[in-house]
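Below you'll find the structure, written out as structure tokens, and then a few comments.
The values are calculated or read from the model by the stated rules, or taken from the named source; none is laboratory data. It should be emphasised that the depicted structure is a prediction, and the values quoted were computed from it without experimental measurement. For neighbour counting, all protein chains shown are included, and Cβ atoms are generated from backbone atoms with ideal geometry for every residue, glycine included.
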Amino acid sequence: MWLYRLSSPKLFYHISGRVIPWLFLASITILVIGLFWGLLIAPPDARQGDSFRIIYIHVPSSFLALAGYYFMAGAGAVGLVWRTKISFWFMKSAASIGASMTFIALFTGAIWGRPSWGTYWVWDARVTSMLILLFLYLGVMAMIRAFDNKELGQKNGAILALIGTVNVPIIYKSVDWWHTLHQPATLKLTSDSSIHIDMLQPLLVMIVGFYLFYALTICLFLRAEILQHEQATSWVKDLCVRRLRKSG
Amino acid sequence: MHSPKTRHDIGFYAHFRRELSLARCAFDATIAPLVFMFMGVAVIPLALSPDTVSYSSIAPGIVWIMVMLASLMSIERIFTFDYDDGSLEQLLISPQLLAQPIFGKLVAHWVLTGLPMALASPMMAFVLSLPAEGYLPMILSIVIGTAYLSLVGSVCASLTVSLGRGGFLLPITVIPLYMPIIIFGSATIDFAVSGMEWSFPLAIMGTLLCLAMAVCPIAVATIFRFTILF
Amino acid sequence: MGMQFSTFYEIIDMGGHGVFVWTAVSVSLLIFLTLIVLPVAEHSRILKNIELTMEFEAQSLRNVDAEK
């Protein structure tokens, strides 16, 4: 019920305005703590040395890249079924943020590949799937923006995102099959899954920090979207009148 | 007026035949993708140096990339004419199931583009000096694969139909969805050339095709209901 | 547990891997910064636009009154 009420753009705008400062403080603090801990305090990896510290950005951003796709598609599905405007705007925001997260994951992965594999880019199953995920994000972003009729573009973007969710497992499986076919699985990013507890703790902190940051940026993007779409409504005009009076 | 319950089958045949007779006079539908495909194949050796490369090792990949591009370009306008002249809206408000005529259109599209590509592909394989044992798997994989490409491509084409010329939008959205077929299609030829059991990747392609046949016409119909009627 | 590095140079160098680690970190932080600045700038741009339109409307209303 509260979720339904939150789908009112006006209410969301006001509540998120209150939440954003706290979200900002919390995410920045946790990210700083996690980075400090991971980069400077955690012990170096026995085999990879200090280059493994890229994990503290690479893994959380990969998590969010994947989870973000499902957030985006879920929001699109909600928008198609219940026709709430705000879920389409959520989808649009999630597309931009998710694409950035995917890019971060790919970029840090490539840099990490240089000291550990000897090359920046490997057509590894996971790397390739991540690249395809970035293409899927870009496709959704392009679809949303391609139409003069904004509503139609959002609807089409939501449908495309849903088609993508059906295809993500198929694509992943086929790329995995293709990879094992062409080269033996000698190169693995996280070779031993039993990561030491001293290394795991800062990683968990970073994952929490990334999720908070994701929530923060979603709020920021969503507020801009709300203002953009609702500028003809009375509550936005009231808001501006109050701002004008305050500034004199 | 006939009862809508009993006449669903009519939609399929009617639209299948309609598409075929519409295309009979059209150079665009069948010949142009073939010409495009051959031109692409002719350009690729020019981009590589003639002595050092053995074409037979990259032939499966080249064949499949060109098939994919030709299919992509032909699928873009599959619904455009029906959308422009209003017959798509007529279909939408008629009591028939929408998925049937759409499936008919798609089968016709495959007969007009995919099948000729499969039949003409030995010529491509010939100029790329593909070993003889690769020919049959190649034809079979293109027969199955182009059907899948048409089905999946039509879903994205239905999203971009109101744009007319979608430009880059259709390739951007569709190519990620095409990747499984590219992988298994070229693997089928690869397996056959290197003497492995090539029926396995072909069987996976068949599975994907069955899935797409079940899902895609309904998906296209749902998309049209969502985006044109509302 | 404590700091793994004792001098500032060691932090920058990171056992020879400093270039990789710090490039990855700085590019990611740059993107994070963009993700904050972009929507905030957009938000204030839209607000300013609306306010300008409102002021313009108010001004033209006043002009109409003055003509009367």
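Summary of computed values
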read-out: Selection from segment B:201-230 of residues that are more than 19 Å from B:GLY104 (Cβ to Cβ) and among the hydroxyl-bearing types (Ser, Thr, Tyr); value: B:THR207, B:THR227
read-out: Residue that is nearest to B:VAL220 (Cα to Cα), among those in segment B:172-186 that are in contact with a helix residue (DSSP H, G or I) (Cβ under 6 Å, 6 or more places away or on another chain) and in contact (Cβ under 8 Å) with a residue 40 or more places away in the chain; value: B:VAL174
read-out: Conditions (1) buried (at least 23 other Cβ atoms within 10 Å of the Cβ); (2) within 12 Å of another protein chain (Cβ to nearest Cβ); (3) of a type in the set (Gly, Ala, Ser); number of the one not met by A:ALA75; value: (2)
read-out: Candidate set: segment A:29-52, residues that are of a type outside the set (Val, Ile, Thr) and under 15 Å from A:ILE207 (Cβ atoms); chosen: the one farthest from the other protein chains (Cβ to nearest Cβ); value: A:GLY34
read-out: Filter result (closer than 28 Å to A:LEU134 by Cβ and modelled with pLDDT of 90 or more) within segment B:188-218; value: B:THR188, B:PRO201, B:ILE204, B:MET205, B:THR207, B:LEU208, B:LEU209, B:LEU211, B:ALA212, B:VAL215, B:CYS216
read-out: Where B:ALA192 falls short, out of the listed (1) away from chain A (no Cβ under 11 Å); (2) within 30 Å of A:MET141 (Cβ to Cβ); value: (2)
read-out: Test result for A:SER93, of a type in the set (Ser, Thr, Tyr), under 30 Å from C:HIS17 (Cα atoms), within 13 Å of chain C (Cβ to nearest Cβ) and within 11 Å of the chain's Cα centre (by Cα); value: no
read-out: Which listed residue, of A:LEU187, A:LEU136, A:LEU181, is modelled with pLDDT of 90 or more and hydrophobic (A, V, I, L, M, F, W, C); value: A:LEU136
read-out: Answer residue from segment A:220-238, given it is touching a residue at least 12 places away in the same chain (Cβ under 8 Å) and within 9 Å of chain C (Cβ to nearest Cβ) and is farthest from the chain's Cα centre (by Cα) among those; value: A:LEU227
